[in-house]
Amino acid sequence: MKIVLVNLGSRFGPIRAESAWPPLGILYLGTILKDKSHEIHIIDHGVENTSLKKTAQWVLRKNPEIVGLSTLTSSGTVASELSKYLKYQNPDIKIVWGGIHATFNAPNILEKYPFVDYIIRKEGDRAFPQLLDAIEKEDQIRGVNGISFKNDDKIISTPDSTPIRNLDTLPFPDRKLLKLKYISEINGITFSKNFTSILSSRGCPFSCKFCCCSSFADRLWRSRSPENVVEELELLESQGYEQVVFVDDNLTLNEKRMIKICRLIKKRKITIEWFCEGRVDQSSYEMLKWMKRAGCRVIYFGIENAVDRILEYYNKNVTFSHSINAVKKAKKAGLDVIGTYVLGAPTESENEIKRTILSAQKLGIDFPQFNILAATPGMPIWKELMDKGYLKDNDWENQVLVPDVDPDCVPKKRIIEMIKEGYRQFLYRGSFLAGQTYRTIRSSFRLKVLLMNIPNLKNVKKIYERIYE
Ligand code: B12
């Protein structure tokens, strides 16, 4: 069959290729379907910087039988506009939605958007090919697990598909399906011009209040074997990639496995640089040291908050002391550390927010990322807001900032002021600037990044503005 897969951009406008990462979901699906002899075309609408109409025309020119759209909550309404237009232009096209947003809102989407034919909930690697087989053979669609569709105005949802256990059975995503060149950039600073993403495990056994990843995969963590991961890294290096980001929900859950991946990277003399996220309670010095040796340059730690009461509310299963220790060990191992924070929980006081923001200065991280607690369907916080009666029926289509709806939160405006002030104070400290200069002089990685960014230096003001926003 002729299939077009679209990764949609946010309704807030195009994302620059510099701050986007390749859409691994549809790259996996495209590769699997291509291997089954389907004709595949992929477009990353979010970053290709074309209007929705041009994207639609591109799709129509391919004359597809199936159009699959990958959706996040931020792109759901864009997906509906595109789907409506395509269906209007060619009613024979079957429109299939997948991804996080489609998964957690299937009945609402099918009810509101009659031009969506099928929704694949959760992982699509098995369900999507099965659905296509059923459509092609005019077979029983109801026999395919993990799909939702409308039949005689009734919404049918087949039982959930089970998460794939053996991830080594999946092919390596064929990144050549996308013509785009992605650039790695953090806060306006370019890190690499030959960059891609990789996934070494799926799922997470934790159940943080602000995350929907564990319910997406039934809290089931599955990992690829170290050999399989390193084989893909080797391939990426041979294709000219210099830097990759691991987008795992929980990369370091099994420290022994992580160390084995690092040992294999060293053994096979792979020199790709990489960055990743990590949990502060899964951060032995031995593992972090191995990660550094094996090319890890930057680790994002989910510090979230400096107040244990709030960490408990978030169900994060860590205390702030874990963060203090993890950052110390990561710095000792030679990694750059970005700390990500979630502020604005119900009952979190203004003083507590200030305490968290200030603590970032003492922690020794290289940069903080302060976020405001947000909720979308699928996250435990979403259910909590529903139970409290703070959400309206049509809120499912948008991300909700918790301080906007919960009167027990410090007002959003005040949190934004504190965050801006926090960034300003963080950046303009003599000790910080001196420390960063010292680290840059001693690090070949940082020096390389500095050289690459010399043409950007005139944009320093813009970079700072972006940090503040
Ligand atoms: C990498 C990543 C990014 C990257 C790239 C995203 C991309 N283009 O794919 C970047 C940095 C750009 C990014 C940005 C954002 N992200 Co993000 N991101 C992720 C992350 C960590 C991994 C995604 C990934 O590659 N997974 C691996 C692949 C294999 O899985 P997958 O994409 O889910 O695909 C599978 C299924 O969903 C399904 N599927 C997917 N698409 C389709 C399409 C069809 C047709 C079918 C049938 C099936 C199907 O099959 C795939 C294979 O099994 C996830 C966490 C997560 N677990 O999803 C958060 C996550 C998706 N991001 C999230 C958010 C909030 C954002 C931002 C809004 C953040 C912000 N404030 O700016 C932006 C939005 C960008 C946009 N386009 O609108 C939330 C989404 C919540 C929601 N309800 O939408 C997540 C779930 C994080 C979280 N903990 O809540 N993100």
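Numbers for the structure displayed
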| read-out | value |
| --- | --- |
| Violating pairs (Cα-Cα greater than 25 angstrom) within the set Lys354/Lys392; Lys54/Lys392; Lys193/Lys420; Lys392/Lys420; Lys260/Lys329 | Lys354/Lys392; Lys54/Lys392; Lys193/Lys420; Lys392/Lys420 |
| Helix-only mean residue ellipticity at 222 nm for the chain, each DSSP H run of n ≥ 4 adding -39500 (n - 2.57), per residue, nearest 500 | -12000 deg cm²/dmol |
| Under-5 Å amide H pairs with Ile183, H placed in peptide plane, nonlocal only | Glu18, Ala20 |
| GluC sites (Glu not before Pro) restricted to DSSP loop in the stretch 69-141 with at most 11 other C-beta within 10 Å | Glu138 |
| Between helix 430-442 and the chain: long-axis angle, C-alpha atoms, 0 to 90°, nearest 10 | 70 degrees |
| Cα-projected label distance for Asp160 with Ala434, points at 7 Å along beta-carbon direction, nm | 5.4 nm |
| Nitroxide proxy distance, nm - points 7 Å out along Cα→Cβ at Leu220 and Ser321 | 3.7 nm |
| Between helix 226-238 and the chain: long-axis angle, C-alpha atoms, 0 to 90°, nearest 10 | 90 degrees |
| Counted charge near Phe216, where neighbours are those whose Cβ lies closer than 14 Å (Asp, Glu -1; Lys, Arg +1) | -1 |
| Whole-Hz ³J(HN,Hα) from phi, Karplus 6.51 cos²θ - 1.76 cosθ + 1.60, for the stretch 165-180, glycine and proline x | 7, 9, 6, 5, 6, 7, x, 6, x, 7, 5, 6, 5, 10, 7, 6 |
| Amide H within-cut-off set for Tyr300, under 5 Å, with H built and near neighbours excluded | Cys276, Glu277, Gly278, Ile338 |
| The stretch 224-274: trypsin sites (Lys or Arg not before Pro) falling in loop per DSSP and having at most 15 other Cβ within 10 Å | Arg268, Lys269 |
| ³J(HN,Hα) computed for each position of the stretch 281-296 - Karplus, 6.51 cos²θ - 1.76 cosθ + 1.60, integer Hz, glycine/proline x | 8, 10, 9, 5, 4, 4, 5, 5, 5, 4, 4, 4, 4, 8, x, 5 |
| Long-range amide H partners of Ser10 with built H, under 5 Å | Ile15 |
| Degrees between helix 52-61 axis and first principal axis of the chain (Cα, 0 to 90, nearest 10) | 50 degrees |
| Residue-wise HN-Hα coupling along the stretch 369-380, computed from phi with Karplus coefficients 6.51, -1.76, 1.60 (Hz; x: Gly, Pro) | 10, 8, 10, 9, 3, 10, 10, 9, x, x, 8, x |
| Sparsely packed trypsin sites (Lys or Arg not before Pro) within the stretch 357-414, loop by DSSP, other Cβ within 10 Å at most 13 | Lys388, Lys392 |
| Cα centre as origin, Lys/Arg/Asp/Glu Cβ charges: the chain dipole, Debye | 1960 debye |
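FYI, it's all coordinate maths here, none of it is from the lab. Note that the coordinates shown come from a computational prediction; the quantities given were computed from them, not determined experimentally. Positions of Cβ are generated from backbone atoms using ideal geometry, with glycine treated the same way; all protein chains shown enter the neighbour counts.
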